Amino acid sequence: MSLKNSEIILATQNKDKIREIRKILGYHFKIVTLKNFPEIIEDGKTLEENAIKKAKTIFKITKITSIADDSGLEVDFLDGKPGVYSARFAGKNCKYEDNNKKLLKLLKDVHYKKRKAKFTTVVAIVFEDGSIKTTSGSVYGYITTEPKGNNGFGYDPIFYYPKLKKTFAQLTTQQKNKISHRAIAFKKAKKLLEAEIRD
Ligand code: ITT
């Protein structure tokens, strides 16, 4: 099967992630998503457990090579929180903005040096033969004292990346996709996919 004809399915409901992942993987694969996405309870203790659970669930339904992304933000001052609970940090069905507000409140008056944070993405792939592989990527920065920038999504407006002196939300998608946790993890995943799917 050639790369172009080989379908892969993204086991995510998050449209912002889909937008970034499509650009990172490029146009070599036929990337599809599922309209009637089942409810998947993300009850794993780690990003890896959740990523595998999502990819496996979608593979069971579709039998297409399934790829899931589980990501989280770990803040040093909060002993690694929100971590695996990043999506629902401010409660069930909360908005990105609610999470950011909660985080800024918890870090109120905390010194810059103690605001270190890490974004991590774990990608899980379930191949057509049912075998599973994972990759990961992390990026380090600081939590700002107020949101800045309108690009990206989630915690991007409050994640300051010192090397570029900008928050992730001040970067274009192209810039974010050069350095982000998701880009690192998916570039590794792309290599695995290419090796597995090529003629
Ligand atoms: P799926 O499970 O359907 O993939 P989700 O939004 O629930 O979508 P996660 O469980 O991986 O995804 O939750 C991660 C949360 O962390 C996400 O909702 C965002 O709030 C945040 N997040 C993930 N990637 C991010 C990024 O690149 N920049 C900023 N915030 C991000």
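If only residues of segment 52-85 that are among the charged types (D, E, K, R) and near the ligand (Cβ under 9 Å from one of its atoms) are counted, the one that is farthest from Pro157 (Cα to Cα) is Lys54. Per this entry, Lys45 is not counted among residues that are at pLDDT below 95 and loosely packed, with under 15 Cβ neighbours inside 10 Å.
Scanning segment 141-199 for residues that are within 19 Å of Thr120 (Cβ to Cβ) and of a type in the set (Gly, Ala, Ser), we see that the one that is farthest from the ligand (Cβ to nearest atom) is Ala189.
Based on this model, can you work out whether Thr145 counts as assigned to a loop (DSSP other than H, G, I, E, B) and either modelled with pLDDT of 95 or more or touching a strand residue (DSSP E or B) at 6+ places or on another chain (Cβ under 7 Å) (or both)? Criteria met by Thr145. Within segment 86-105, being out of contact with any Phe, Trp or Tyr (no Cβ under 8 Å at 6 or more places or on another chain), among the aliphatic types (A, V, I, L, M) and more than 9 Å from the ligand (Cβ to nearest atom) holds for Ala90, Leu104.
Looking across segment 82-129, just one residue is among the hydroxyl-bearing types (Ser, Thr, Tyr), more than 30 Å from Lys63 (Cα to Cα) and under 16 Å from the mean Cα position of the chain (by Cα), and that is Tyr96.
Filtering segment 85-95 to residues that are closer than 21 Å to Phe37 by Cα and surrounded by 15 or more Cβ atoms within 10 Å (Cβ to Cβ) leaves Ser86, Ala87.
Filter segment 1-16 for residues that are in contact with a helix residue (DSSP H, G or I) (Cβ under 7 Å, 6 or more places away or on another chain) and under 20 Å from Lys187 (Cβ atoms); which is surrounded by the most Cβ atoms within 10 Å (Cβ to Cβ)? Top of the filtered list is Ala11.
One residue stands out in segment 161-182 among those that are in contact (Cβ under 8 Å) with a residue 12 or more places away in the chain and either assigned to a loop (DSSP other than H, G, I, E, B) or more than 17 Å from the chain's Cα centre (by Cα) (or both): the one that is farthest from Tyr112 (Cα to Cα), namely Thr172.
Checking each residue in segment 58-81 for being surrounded by fewer than 21 Cβ atoms within 10 Å (Cβ to Cβ) and either free of Cβ contacts under 8 Å to residues at least 12 places away in the same chain or within 16 Å of the chain's Cα centre (by Cα) (or both) picks out Lys60, Glu74, Asp79, Gly80, Lys81.
The values are calculated or read from the model by the stated rules, or taken from the named source; none is laboratory data. It should be emphasised that the depicted structure is a prediction, and the values quoted were computed from it without experimental measurement. A quick note on method: Cβ atoms are made from the backbone with ideal geometry, for glycine too, and the neighbour counts reach across all protein chains shown.
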